[in-house]
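No lab work stands behind these numbers, since they all come straight from the coordinates. Since we're looking at a predicted model, the values are computed, not measured. Glycine also receives a Cβ, built like all others from the backbone with ideal geometry; neighbour counts cover every protein chain displayed.
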Amino acid sequence: MKMHPRAAEYPDSFLATPIPDEAELTAGVKIAAGKRYGFFTDTTLCIGCKACEVACKEWNLLPADNLGLRGTSYDNSGDLGATTWRHVHFIEHIRDPQGSPATEMPPFQSNWLMMSDVCKHCSPAPCLEACPTGALFRTEFDTVVVQQDICNGCGYCMPACPFGVVEVSLDDGKAHKCTLCYDRLKGGLEPACAKSCPTDSIQFGELEELHRRADRRLASLHEKGVDRAYLYGAPDGLGHGDGLRELNAFFLLTAPPETYNLPQAPTRPANRAGPALAAGLATVAALAVAAFGLFASDRRQT
Amino acid sequence: MTLQPDSVAVSAPGEGSRTGREVARRHLGPSPVTAPLAEPPTYYGQPALKASFYGWKVSTYMAVAGLAGSAQVLSLVAQTAGAAHDAETVRRGRYLAVAGAVLGAPLLIIDLHTPRRFYNMLRIFRPTSPMSIGTYVLTGFGAVSAALAAVQARLDGGRGGPALERIGAAMQFPAAALGAAMSTYTGALLGATSTPLWAAAPRTIAVLFGGSAMAGGAAVLSLGAGQAERRALGRVEALASGLELLVLLRFPRRLRQQGVRTPPALGPVLLAAASSITHQLTKEIAGADRVPPWVDAVVATGVIAGGFLLRHLLLRAGNRSAEQPRDYFRFTRPR
């Protein structure tokens, strides 16, 4: 097994202080302000253990929201929201594309699709572009974070988000979502979900490196016959339309995006603001000119 | 051990041995990027978006903002093009505008989930956010309208001279410009979201709001006004209603083109606009004195109510469409 040489310097199970630049040991990346970081979630490696959900809730002190099952396979958290920042989808392919029940299993549990979903930290981010208070901001790691001490709960980020991620909590009246572990990045630590992922389905790192890794993985999967595999949210993949350049948290998927509750080509809402404002103002201006004529002709008649 | 799917043979009854690649292809179909799909799949039918929680408070604000904003626009029109009797319309428009701002702002503040921090909206300006643009439009409109109403009150008290009248007339221009923005920015606010029903037709909604606001503004100014003032106002109301009606009739088709198949039920709004047009046509053809004045008031009230309903029903239908994953998935398919 490959081990980072620095790891040998810390043989104890319990450490008195955090390891400086710990992400170098756990994710092979040194975290520095000004560089772009993100997640590459390779769903072909996900085993649905939900360690990411648990690690996220533990680190970020989020309450458990639903301990029972929902009748939607093994999914019990349902969707991303104010208190769920990682959510594992469970999709059972029990029918073949013709719609009849599958009677045979392709190898390697291919009837199962599992995917750990997360805030995409879009570039540009629609929630941030909608936020009128500046509570949502882009960090020095190119991630998108809500400052709850600024947020006034206007809720405009919720319909703005193209993925239904950010949510205003009715408990405290502020918006909440994944911070890509902003506090951990500041301390040189890998985000909790990526660190806890036992299969490296969730990989954290610098975006350029993650894109290279994703391209390699995709090529290798295609070579092995999984020609359904594709990237979602990478600069040249599916997952972003009009105005959305890329998703800083991107995915490798093997079924249509909608299967994972993801839109094929979501667009940037702010692109619609200008044309709508112009159309509205033009309407009122045109009606005002017409009204001017009506008032003037009324004056002439009296 | 390295797993090699290609080298693993899977046998099925009645068939020869096949490679994993063939089995996978048979079961899971061609590549999703190229596969044409009639209906997008969903994840257990669950919503792919979060619906806004905007309800009656926001829709009421939107309607009030439209009435107040358009009142300032019509005040400017009456001031520049109107006859002597239209001075009354200018006066009422100025008071109505400030009343709208005073009533509207608290509605927005109590709709926040942390209302005591409403002033955080004023710490930045975000040009990509119609909510932020609207914050400053409302603030500016409120300030100009309050100043203009103060000028008007002084004039009404007989304490102003021609100089003050000129100041009021000059202030009417910025008030009307901000009023036009008040009437329609709320449409852009809906359009600049990911909610399918709003995002599918941002321009249409803004035009609808503009027409409805001008019709409502004329209607509210005509309530209690004299016969002479009501003449021009009634025509403006019917014209704006006509525009609203045309756009309303095309709205469902526009939504369907964009993949949104849950159109809002806007029947009552349509009815209010149609009644305004019919009423005005009757007056033009048969003569205004053949129609009793109370009918004017009933029709005007209907138009105002239609404006409130339009925004309320549109908000409700939008929130519902956000929970229809297929509407959203069809809308976000590359076209």
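Structure values in brief
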read-out: Full-stretch length increase - A:Thr103, A:Glu58 - with 0.36 nm per residue and alpha-carbon distance subtracted; value: 12.1 nm
read-out: Degrees, to the nearest 10: A:273-301 long Cα axis against longest axis of chain A; value: 10 degrees
read-out: Pairwise FRET efficiency - A:Asp65 versus B:Ile124, Cβ, R0 = 35 Å, nearest 0.05; value: 0.65
read-out: Estimated FRET transfer efficiency when R0 is 45 angstrom, pair B:Thr262-A:Ala296 (beta carbons, to 0.05); value: 0.55
read-out: A:Ser73-A:Arg216 pseudo-label distance in nm [points 7 Å out on the Cα-to-Cβ vector]; value: 2.9 nm
read-out: Per-residue average of Cβ from other chains inside 10 Å of B:230-241; value: 4
read-out: Mean shadow area of chain B, taken as a quarter of the surface of its Cα convex hull (nm²); value: 25.9 nm²
read-out: Other protein chain Cβ atoms within 10 Å, averaged over every residue that makes up B:215-224; value: 1
read-out: FRET efficiency, A:Asp172 to B:Ala143 (Cβ-Cβ, R0 30 Å, nearest 0.05); value: 0.40
read-out: Additional length obtainable on full extension of the chain from B:Asp156 to B:Ala228, 0.36 nm per residue less Cα span; value: 23.9 nm
read-out: Highest-first arrangement of A:225-233, A:18-26, where packing means the average Cβ count within 10 Å; value: A:225-233, A:18-26
read-out: In sequence order, calculated HN-Hα J values of the stretch B:60-67 (Karplus, 6.51, -1.76, 1.60; Hz; x Gly/Pro); value: 5, 4, 4, 5, 5, 4, x, 4
read-out: 20 Å reach of a label modelled at B:Glu165, 7 Å along Cα-to-Cβ, counting backbone N of the stretch B:228-246; value: B:229
read-out: Cα gyration tensor category, rounded, prolate or oblate, for the protein assembly as shown with a/c compared to 1.5; value: prolate
read-out: Karplus 3J(HN,Hα) series, Hz, for the stretch B:139-144 with 6.51 cos²θ - 1.76 cosθ + 1.60 (x for Gly, Pro); value: 4, x, 4, x, 5, 5
read-out: Cut-off under 5 Å, modelled amide H: who pairs with A:Leu136 long-range; value: A:Gln147
read-out: From phi via Karplus (6.51, -1.76, 1.60), per-residue ³J(HN,Hα) for the stretch A:175-184 in Hz, x at Gly/Pro; value: 7, 9, 6, 3, 9, 6, 6, 3, 5, 5
read-out: Spin-label proximity, B:Trp56 to the stretch B:102-119 - amide N less than 19 Å from point 7 Å beyond Cα toward beta carbon; value: B:103-113
read-out: Under 5 Å, built H, 5+ apart or other chain: amide partners of A:His89; value: A:Met115, A:Ser116, A:Asp117
read-out: Angle between chain A longest axis and helix A:207-223 axis [Cα atoms, degrees, rounded to 10]; value: 70 degrees
read-out: Relative contact order %, chain A, counting alpha carbon pairs below 8 Å whose residues are six or more apart; value: 23 percent
read-out: Too-long pairs where the Cα-Cα distance tops 31 Å, listed order kept, from A:Lys35/A:Lys174; A:Lys57/A:Lys224; A:Lys30/A:Lys57; value: A:Lys57/A:Lys224
read-out: For chain A, radius of gyration divided by Kirkwood radius, i.e. Rg to Rh on alpha-carbons; value: 1.09
read-out: Between 0 and 90°, nearest 10: helix B:293-322 axis offset from chain B longest Cα axis; value: 20 degrees
read-out: Relative exposure of B:Met131, A:Met3, B:Met214, judged by other C-beta atoms within 10 Å (fewest first); value: A:Met3, B:Met131, B:Met214
read-out: Entries of A:Lys120/B:Lys50; A:Lys177/B:Lys57; A:Lys120/A:Lys177 with Cα pairs more than 18 Å apart; value: A:Lys177/B:Lys57
read-out: Amide proton proximity set for A:Trp112, modelled H, under 5 Å, gap of 5+; value: A:His93
